[in-house]
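These notes concern the structure reproduced below.
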Amino acid sequence: MGRAYQNRKESIAKTANAKSKVYSRYGREIYVCAKQGGADPDANLSLRSLIDRAKKDQVPAHVIEKAIDKAQGGAGEDFSPARYEGYGPSSCMVIVECLTDNPNRTFGDVRNAFTKSKSKIGEQGSVMHSFEHCAIFAFKHDSEDEVLEALMEADVDVTDVEFEDGQVTVFAPHTEYAAARQALTSAFENIDFDADEIQFLPHVTTTISEDDQPMFERLMDMLNDLDDVQRIYHNAEQ
């Protein structure tokens, strides 16, 4: 595709309050993942990947362990995924992924963030067509051909493989995430992923005007402040 890897998730500043939110979001996601797919990381590939990402983001071990123990206990909240789409300032496109135990509350909170930032929440599918839902793996390696060969031998459907500055980035359909990760970890011992996740990547980007910048930042801040929001994707260039 000739496309450099870009992480379009909206990141949060590393303040104490922001770290608390990061821990909470990982804790909720780990709990849901362990409850749905089992609490053994060796048997639940998604959980293993999630734990690895949490450790890289410096989530304390006790937060991870508490979430897994809670899932093993069988009780607790019943979270379900929810995804909202809309248009932000300068007509940029935004996707908001949530885990919620009260969809009505979460929808109201997300809609309020859009409304108060002069943005508009849309119908399901209103902006999704402008993003590619894909699995992304980035890691240090010196041969993209070797990586591609390993994936092809494992019969993994790959969208693109890029090589830049000693790093290989693999793009695959989101449905191929587990197969691609298994193929890479089997082929390359002690592989250390810089990126290992499923993302929405925009096909095109939109430049946020100087006048709209404050409202765009307000939208991102308000969404990030919501406990139910897990990830935010957008196509804005700032």
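Please treat every number below as a calculation from the coordinates, not as lab data. Worth saying up front: this structure is predicted, and the values here are computed from it rather than measured. Here the Cβ is made from the backbone with ideal geometry for all residues, glycine too, and neighbour counts use every protein chain on show.
Given Cβ point charges of +1 (Lys, Arg) and -1 (Asp, Glu) and nothing else, what value in debye, to the nearest 20, does the dipole of the stretch 92-238 about its Cα centre take?
In total the dipole reaches around 1120 debye.
Build a GNM of the chain with springs between Cα atoms under 10 Å: which of GLY166, GLY125, GLY38 gets the top mean-square fluctuation?
Top of the fluctuation ranking is GLY166.
As an exercise, identify the GluC sites (Glu not before Pro) in the stretch 171-238 lying in DSSP coil whose Cβ has no more than 16 other Cβ atoms within 10 Å.
For GluC sites (Glu not before Pro) across the stretch 171-238 that sit outside H, G, I, E and B with at most 16 neighbouring Cβ atoms in 10 Å, the list reads GLU189, GLU210.
So which GluC sites (Glu not before Pro) in the stretch 85-152 end up in coil per DSSP with only 12 or fewer other C-beta atoms within 10 Å?
Taking the stretch 85-152 and a limit of 12 other Cβ atoms within 10 Å, the loop GluC sites (Glu not before Pro) found are GLU123.
What residue among PRO202, PRO60, PRO89 has the largest mean-square fluctuation in a Gaussian network model of the chain, using Cα springs under 10 Å?
PRO60
Give, in nm to one decimal, the length gained when the segment between ASP221 and THR115 is fully stretched (0.36 nm per residue of separation minus the Cα-Cα distance).
36.8 nm
Rounded to the nearest 20 Debye, what is the dipole magnitude of the stretch 196-236 about its Cα centre when Lys and Arg each give +1 and Asp and Glu each give -1 at the C-beta?
160 debye
Between GLU146 and GLN72, what length in nm is gained on full extension when 0.36 nm per residue of separation is reduced by their alpha carbon distance?
Difference between extended and current length: 22.7 nm.
Could you tally the net charge around PHE79, taking each other residue with its Cβ under 13 Å from the Cβ of PHE79, Lys/Arg +1 and Asp/Glu -1?
Charge balance near PHE79 sits at -2.
Taking the DSSP beta bridges in the chain as the whole, what percent of them are antiparallel, to the nearest 5?
Looking only at bridges with both residues in the chain, the antiparallel portion is about 95 percent.
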